[in-house]
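In what follows, a structure is listed as C-alpha cells, so that the remarks can point back to it.
The values are calculated or read from the model by the stated rules, or taken from the named source; none is laboratory data. Small disclaimer: the values here were computed from a predicted structure and weren't measured. Cβ atoms come from the backbone with ideal geometry, glycine included; neighbour counts cover every protein chain shown. The accessibility values were calculated without ligands, DNA or RNA, using every heavy atom of the protein model including side chains. Shrake-Rupley method; radii C 1.70, N 1.55, O 1.52, S 1.80 Å.
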Amino acid sequence: KFLLVLDDVWNENRNKWDELRNHLLKAGSHRESNGSKIIVTTRSHEVVDIVGGGLLINLKALPEDECWKLFVKCAFQEDWEEEEYPRLKQIGMEIVKKCKGVPLAIATLGCLLRSKCHDENEWRKIRDSEVWELDQEETGILPSLRLSYNHLSPEVKQCFSYCSCFPKDYEYSVIELIMFWTAHGLLQPIHEEYDAEDTGELYIKKLVSASLLQIQGDFKYPISFKTLKMHDLVHDVAKLTMKKSSKTRTIVVEEGEQETCTKWASNKFNYLKVLQLRYMESSSLPSDCFDTMRKHLRYLNLRYSPILEELPHSICKLQNLQSLNLCGDNKFHTLPKNMKNLINLQYLYLMVKDTSLSSMNIGHFQQLKFLFLSNCSRLVSIPSVVGRLTTLKKLKISRCNNLVRFEHEAEEGKEELALHNLNLQLFDIIRANKLEGLPNWLERANKLRYLSIQVTAIESLPTRLPTASLEELHILKCPKLSSLPDNMDQTHNLQYLEIVNCPTLSKRYNKRTGPDWGKIAHIPRCEIREPGQLFWTHIDGDEDGQHKKDEVE
C-alpha cells in the first residue's frame, strides 16, 4: 500500500503519461496495494485533462491568518516584533493582501522587507509600488517577484538573469553556478581580499536570502558543495529580465533535448563562452569541433556522457578555458596528450580510468582553484605536484576506491617549498577505501579551514595540523586511525570536531573515560559516536553542564 505524490507536473505528452499509468496500475493491482493513493499537483489545465479521473481539487489561496503568520516569520527576526512596530504591522498587512494568498509571493516579499531593518519608508515603497498595477495575466509574473528583483543590486540582477540559461527545475551546484558566472565575466572582486569565487558565494547568499534561489540538502556542509534550485515562477522572472544578444554566448543541452550541435563549423560557435552538453548520445565529437571556439570558450561541461569514448585533440587549443567538467559516467580511458596547454584552467572536475594523472600534467595549471576527482576507479596515486599549486583553494576526492597514496615531496627542495604556503582552504576525501595516509604537504596548508576524511584506511594524520586556521574537522568510518595530531590542543579556531565509526579514536577521546579528552575539551562542538549507540555531544556553554544526546543511524 503506497501514497505517491507527483509534484508540479508539466509533462503534456499523453503517451508518456499512459506508459507511467500502466506501470502504476500494475503495481497497485496486488491485493496488498488496495487503498493506495496517487496525488498529482500541477498548474497546467492540459495536464489535468491528460491525467483525468479521480478527484479534482482547485487549490484555494492561503487563508488570511495563515498568510500573516508566514509573513511575520519571514519579515521579522522574532514573532513579538510585530507588536513592537505597530505601523510596520499595518503596512505589512496591506502588503500581504496584495499577495492574494500566494505563499511564494508572501515569503519572497517578507525576506525582502526583513533586510530593510524596520525602515518604514522602505516598507511604504514596497506597498505603494506601481508594480502591483501590472497585469499578472499578461506577463505571467508575480508582482512580488518583480519587486524582489528590482531591489537587487545591478551586479546581482545580472547574475540572477543568467540563471535562465538553464532549463526549469535544473539543479545548480554552487561551484557550477560560480564557474558559469565567471565565464561570462559577471564576477568582479568587490574587495581587495575577495576573488571571483568569494564574490559569487556572496551573490548566491543574497539570492537565497531574497528567496530567489533555494538551497537543497544538508546545511552543515560548506556552501561550495551545496545544490540550488529555482522555483519555476522565479525562473520566469529571470528569463524576462535576461537581455538578448546578437551573438550566441551560451549553449546548454540537457537530457531529453535532442537538439544536437551538428554544424560545428557554423558562425554561432565563434563567440561562444559556455558550452554544456550533458547526457550526449554520441560516442565521439568531430576532431576539429573546438577549433572555432578556441578564442572565447571559458566553460565546457561534458558531464554524464556515458557513450562518449574519447575527447578530440582540438580541446587542447582552448587556452582561455577556465572551467572543465568531465565527471559522470564516461568511457574514455585516457585524455589528449596536450591538456597541459589549458594554462588558464581554474576549475577541473575529472573522472578518468587511468592509474595516474600524469597525462594531465596538472603542475602546468598554475591558476587552478578547484580540483574534484570523482569515480577515478583505477587511480592509485596522486602526484606530489598538487602540493605545489599555490592557487588551489578546494580539493575534493570522491569514490576513488583504488587510491592508495599521495606521492611524497622529494626531500631536496623542501626548504624552498616551505617558503610558498598553500592557499588550500578545503580538503575533502570520501570513499577512498585503500588510502593509507594524507599528503605531507598538508602541513603547509596554513589557510586550511575545513578538513573531512570519510571511509578510508588511513592509520595516522599528519603530525601537525594548521592550528591557526582550521575550523572544522570531520573523521568518519576510518577504523584504522588511532590518534589525532599532536597539536590538537593548539587548534584554538576549531569550532566543530566530528568523529563517527572510528572505534579507537572514540575510546581515546571519549569525554567520560578517554585519556586524551583534555586535548579536545576546548572545542565548542564535539560529536563522537558509534552506530546504534546513544552519544554525548559536548557543546560549550550548555546550561548546567548538560549535554545533548542523539542516536546514530
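Over all other residues within a Cβ to Cβ distance under 12 Å of Thr241, the charged ones net out to +4, with Lys and Arg as +1 and Asp and Glu as -1. What do you get for Rg/Rh of the chain when both radii come from the Cα atoms and Rh is the Kirkwood radius? Dividing the radius of gyration by the Kirkwood radius yields 0.99.
Taking only protein heavy atoms and a 1.4 Å probe, the accessible area of the chain is 47% carbon and sulfur. Residue ranges 428-439, 460-471 sort as 428-439, 460-471 when ordered by packing (mean number of other C-beta atoms within 10 Å per residue, highest first). With 25 Å as the limit on Cα-Cα distance, the pairs of Lys239/Lys273; Lys100/Lys205; Lys98/Lys168; Lys205/Lys268; Lys116/Lys157; Lys239/Lys394 that go past it are Lys100/Lys205; Lys98/Lys168; Lys205/Lys268; Lys239/Lys394. Tally Lys and Arg at +1 and Asp and Glu at -1 over the other residues with C-beta under 10 Å from the C-beta of His313: what net charge comes out? Net of charged neighbours comes to 0. Within straight-line reach of Lys1, meaning a Cα separation under 27 Å, sit the following lysines at least 8 residues removed in sequence or on another chain: Lys16, Lys26, Lys37.
Shown are His313, His231, whose ranking by accessible area with a 1.4 Å probe and every protein chain present, most to least, is His313, His231. Residues whose amide H falls under 5 Å from that of Leu272, counting only those 5 or more places apart or on a different chain, are absent, with hydrogens built in the peptide plane. With the convex hull constructed from alpha-carbon coordinates only, region 1-124 shows a mean projected area of 10.3 nm² over all directions.
Taking Cα centroids, how far is region 168-216 from region 359-380 in Å? Region 168-216 and region 359-380 have Cα centres separated by 24 Å. For region 75-130, the Cα-based Rg and Dmax, in that order, read 10.4, 31 Å. Of the residues His151, His492, the one with the largest accessible area comes first in the ranking His492, His151, computed with a 1.4 Å probe on protein heavy atoms. Computed from Cα atoms alone, the Kirkwood hydrodynamic radius reported for region 24-97 is 16.5 Å.
Note on Met242: accessible area approximately 40 square angstrom, rounded to 10, probe 1.4 Å, nucleic acids and ligands left out. A simple packing score, the average count of other Cβ atoms within 10 Å per residue, orders the peptides 207-216, 515-524 as 207-216, 515-524, with the highest score first.
Note on Lys337: lysines with a C-alpha under 21 Å away, same-chain residues under 8 apart excluded, are Lys295, Lys317, Lys353.
Contact order, relative form, for the chain: 5 percent (alpha carbon pairs under 8 Å, 6 or more residues apart, mean separation divided by residue count). Per the Kirkwood formula applied to alpha carbons, region 46-204 shows a radius of gyration over Rh ratio, Rg over Rh, of 1.04.
Compute the distance from the alpha-carbon center of region 12-49 to that of region 387-401, in whole Å. With region 12-49 and region 387-401 each reduced to a Cα centre, they are spaced 46 Å. Other residues whose C-beta falls under 13 angstrom from the C-beta of Leu112 contribute a net charge of +4, scoring Lys and Arg +1 and Asp and Glu -1. Over the chain, accessible surface divided per residue gives 52 Å², non-protein components excluded, 1.4 Å probe.
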